[in-house]
Amino acid sequence: MAEKNKVEVRIAGKDYILVGDESEEYIQKIALYMDKKINEIMRLNNKLSTSMASVLSAINVADDYFKACENVVNLSKELKEAKEEIERLKEENRRLLNENAIVSNKNTNLQLELAKREAELNEVRNSLEKLTRTRL
């Protein structure tokens with residue numbers, strides 16, 4: 001079992017001892033974040049008590065959390081759609097490569113056929129030329 005970290009932090013001018021599995025640096029980072037949130041609210045309305053500013057900060061953090069969760073859901077959907085599109089494109093690429101190989105093979109066969117026909121044509125021309133010379 002992991003050892004718990006005890007970390008002394010200051011939030012809104014009050015000292016707290018926080019205990020958690022996370023590193024001391026992480027716990028300090030979270031405490032500093034909350035301290036800034038509370039101080040920001042208290043700066044905007046200096047008549048608020050620390051407890052009221054803490055509640056408003058908690059509401060703001062909860063709002064940020066829910067928006068972040070919604071963003072994660074949206075990004076997960078986009079990622080899934082992107083993966084599906086990649087798979088579709090990979091399949092299309094495989095199909096096109098196969099089609100290209102078939103067309104390339106046909107092209108090679110047609111080039112061979114053309115070469116044969118050109119050779120035959122040259123033979124016919126040569127024969128025709130010989131016949132023409134012998135008649136003259």
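Please calculate how many Å² of accessible area the chain carries per residue, with a 1.4 Å probe and no DNA, RNA or ligand atoms counted.
So the chain comes to 87 Å² accessible per residue, rounded to a whole number.
Can you pick out the pairs among Lys80/Lys106; Lys6/Lys77; Lys6/Lys36; Lys83/Lys106 whose Cα atoms lie more than 32 Å from each other?
Pairs exceeding 32 Å: Lys80/Lys106; Lys6/Lys77; Lys83/Lys106.
Once you have the Cα-Cα distance between Asn122 and Ile86, take 0.36 nm times their residue separation minus that, and quote the gain in nm to one decimal.
Using 0.36 nm per residue and subtracting the Cα-Cα distance, I get 7.8 nm.
Using C-alpha positions alone, give me the convex hull volume of segment 38-136 per residue in cubic angstrom. Mind dumping the intermediate values first?
Details: hull volume 13.3 nm³, N = 99.
About 134 Å³ per residue, rounded to a whole number.
Residue farthest toward the positive end of the dipole of segment 22-136, with Cβ of Lys/Arg at +1 and Asp/Glu at -1: which of Ala53, Ser127, Asn98?
Of the listed residues, the answer is Ser127.
How high is the relative contact order of segment 1-61, given as a whole-number percent (alpha carbon pairs under 8 Å, six or more residues apart)?
Computed value for segment 1-61: 26 percent relative contact order.
Please determine, in degrees from 0 to 90 and to the nearest 10, the orientation of helix 50-135 with respect to the longest principal axis defined by the Cα atoms of the chain, where the helix direction is its Cα long axis.
10
Can you bin segment 1-92 into rounded, prolate or oblate? Criterion: square roots of the alpha carbon gyration tensor eigenvalues sorted a ≥ b ≥ c, rounded for a/c under 1.5, prolate for a/b above b/c, oblate for the rest. Provide the component values of the computation, followed by the final result.
Details: a/c = 4.56, a/b = 1.84, b/c = 2.48.
Here segment 1-92 falls in the oblate category.
By how many degrees, between 0 and 90 and to the nearest 10, does the Cα long axis of helix 24-44 differ from the longest principal axis of the chain?
70
To the nearest 20 debye, what is the magnitude of the charge dipole of the chain about its Cα centre, counting +1 on the Cβ of each Lys and Arg and -1 on the Cβ of each Asp and Glu?
Here the chain has a charge dipole of around 700 debye.
With all protein chains present, how much of the accessible area of the chain (probe radius 1.4 Å) comes from carbon and sulfur, to the nearest whole percent?
56
The values are calculated or read from the model by the stated rules, or taken from the named source; none is laboratory data. Remember, it's a predicted structure, so these values are computed and weren't measured experimentally. Virtual Cβ from ideal backbone geometry, glycine too; neighbours counted across all protein chains shown. Keep in mind that these areas ignore ligands, DNA and RNA; they rest on the heavy atoms of the full protein, side chains included. Shrake-Rupley method; radii C 1.70, N 1.55, O 1.52, S 1.80 Å.
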